[in-house]
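Derivation of every value follows stated rules applied to the coordinates shown; laboratory data play no part. It should be emphasised that the depicted structure is a prediction, and the values quoted were computed from it without experimental measurement. In this analysis, Cβ positions are derived from the backbone assuming ideal geometry, glycine residues included, and neighbour counts consider all displayed protein chains.
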Amino acid sequence: MAKNNENKLPKEFVTICPKCGSINVETDFSNPLNWAYGMPPNYQCNECGYAGKFFPQIDKDKVKEFQSELRKEELKKNQKALAIWAAQCAEHVLPYFEKKYPKDKRPRNAIKACRTWIRTGIFKMRDIRKASLDSHGAARKAVDLSARFAARAAGQAVATAHVPEHAFGASYYALKVVSTNPSDAGVKIGKELDWQSKHLPKNLRKSWKEWQSRRLPKNLRALMKKKA
Ligand SMILES: [Zn+2]
């Protein structure tokens, strides 16, 4: 039996913070009771400060998966707050669409459908899907780039009722709306970012930044850094 296992590397386990998924965790053995009675030690997360006895030990290869599950749970718990914010982000840039296409109410209706869901909590897949697709349809027909991205932002906002991460998509397209003119894109993105950040509840900002680092295209991130 020992022979067969000889070539296999033993699995490496790490202690992980159940709140934030960091593996920057300290073990505190200082309590003499732990020694005397064989009680589990206390752990403390150096990332978020959370302390407790129940920190899971997981296979090192599963850390990414664990973190991504935590993220999803966190976003699901905050889905309504995210939808409120996504609707605000989309509404903030809606004038870019409506100035060009005043008769086309599809993006406005998508934001409205998002808020109906926030208010009632009643999720009807068909309605949400239709409102989102309609707004993306409006985007496809829009020749003006800023108007097109504004309609996309509204389409993403309403989709937050289905998948919370779409809120970040709404913010992303709203940033694209103000970035179409290279001469002032940096400044405008900076302003829009500040505005979005102010409206997003503090506890969600870390997830937003994390999403940006994974999903935002390089050119947009470069412009964000240039902000005045
Ligand atoms: Zn932590």
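Structure notes:
- Sorted ascending by nearby beta carbons within 10 Å, beginning with the fewest, 13, 54, 149 become 54, 13, 149.
- Segment 121-178 versus segment 52-68: alpha-carbon centroid distance in Å: 34
- 3J(HN,Hα) from dihedral phi, segment 61-71, Karplus parametrisation 6.51/-1.76/1.60, rounded to Hz, x for glycine, proline: 6, 9, 4, 4, 4, 4, 5, 5, 5, 4, 4
- Under the Karplus curve 6.51 cos²θ - 1.76 cosθ + 1.60, θ = phi - 60°, whole-Hz ³J(HN,Hα) for segment 153-158, x wherever Gly or Pro sits: 4, 5, x, 6, 4, 5
- In straight-distance terms, cross-link reach from residue 80 covers every one of the aspartates and glutamates whose alpha-carbon lies under 16 Å from its own, apart from those fewer than eight places away in the same chain; here that gives 165.
- Computed E for residue 30/residue 220 - FRET, C-beta separation, R0 45 angstrom, nearest 0.05: 0.40
- Largest first and in whole Å, the equivalent-ellipsoid semi-axes of segment 111-162 read 22, 10, 6, each the square root of five times a Cα gyration tensor eigenvalue.
- Max mean-square fluctuation residue, GNM over the chain, Cα-Cα springs under 10 Å, options 201, 41, 164: 41
- When the C-alpha to C-alpha distance is required to be over 30 Å, the pairs from 62/225; 77/130; 64/218 that qualify are 62/225.
- Going by neighbour counts of Cβ atoms within 10 Å, the residues 218, 76 line up, fewest first, as 218, 76.
- Paired Rg and Dmax values of segment 181-228, which use every Cα atom, in angstrom: 11.2, 34
- Placing +1 on the Cβ of every Lys and Arg and -1 on the Cβ of every Asp and Glu, with no other charges, gives segment 78-225 a dipole of roughly 200 debye about its Cα centre.
- For 23, 16, order by how many other beta-carbon atoms lie within 10 Å, fewest first: 23, 16
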